[in-house]
1. Relative contact order of the chain, please, whole-number percent, based on alpha carbon pairs below 8 angstrom and at least 6 residues apart.
2. If you stretched the chain out fully between residue 93 and residue 115, how much longer would it get, using 0.36 nm times the residue separation minus the C-alpha to C-alpha distance?
3. Return the calculated 222 nm mean residue ellipticity for the chain, to the nearest 500 deg cm²/dmol, obtained by summing -39500 (n - 2.57) across DSSP H runs with n ≥ 4 and dividing by the residue count.
4. Which angle between 0 and 90 degrees, to the nearest 10, do you get for helix 12-24 versus the longest principal axis of the chain when only C-alpha atoms count?
5. Angle, helix 113-125 long axis vs. longest principal axis of the chain, Cα atoms, 0 to 90°, nearest 10?
6. Please order 85, 25, 144 by the number of other Cβ within 10 Å, starting at the fewest.
7. Quick one: length gained pulling residue 24 to residue 142 fully straight, 0.36 nm per residue minus the C-alpha distance?
8. Rank the residues 69, 3, 64, 150 as a footprinting-exposure proxy: fewest other Cβ atoms within 10 Å of their Cβ go first.
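Every number in this text was worked out from the coordinates using simple rules, so none of it is lab data. Nothing here was measured: the structure is a model prediction, and the numbers come from that model. We place every Cβ from the backbone using ideal geometry, glycine too, and count neighbours over all the protein chains shown.
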Ligand code: RB5
């Protein structure tokens, strides 16, 4: 899969640590920055990654900031994005199976690199469970986007 990654100054270290793992699992990483500790704004990086996922130019996205919260809020504003903030292994699996999340958010200040690696591995490996009820609910989430979409 093509995995788009983005982080702010509080998350770029974890992004850079996760890249070799993702590549070793056979995926291609598209890195949209940032790559140093100079202060930047997380919505800019959420947008860069989510535009690629929403356009189908990346299969999934991974966003990292200090808490993962800002990235999650920003990402979920982009139509077509279902971003899950995950800091435990159970949720990593459940959000793929139940929500068909296409973007994963992590907080570098919340989770250590070892747990983050396991989360990423599980999240990338778990398929959406095609059960009728889950499909229905994801479709209802998509309907919310349509309801509030601004039509020029
Ligand atoms: C940056 O200090 C921090 O606010 C940001 O990385 C993130 O945690 C926001 O949600």
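1. Relative CO of the chain lands at 23 percent.
2. Additional length available on full extension: 6.6 nm.
3. -15000 deg cm²/dmol
4. In the chain, helix 12-24 runs at an angle near 70 degrees to the longest axis.
5. Taking the Cα atoms of the chain, the angle to 113-125 is about 30 degrees.
6. Going from sparsest to densest Cβ surroundings: 144, 25, 85.
7. Between residue 24 and residue 142, full extension yields an extra 39.2 nm.
8. Listing 69, 3, 64, 150 from fewest to most nearby Cβ atoms yields 150, 69, 3, 64.
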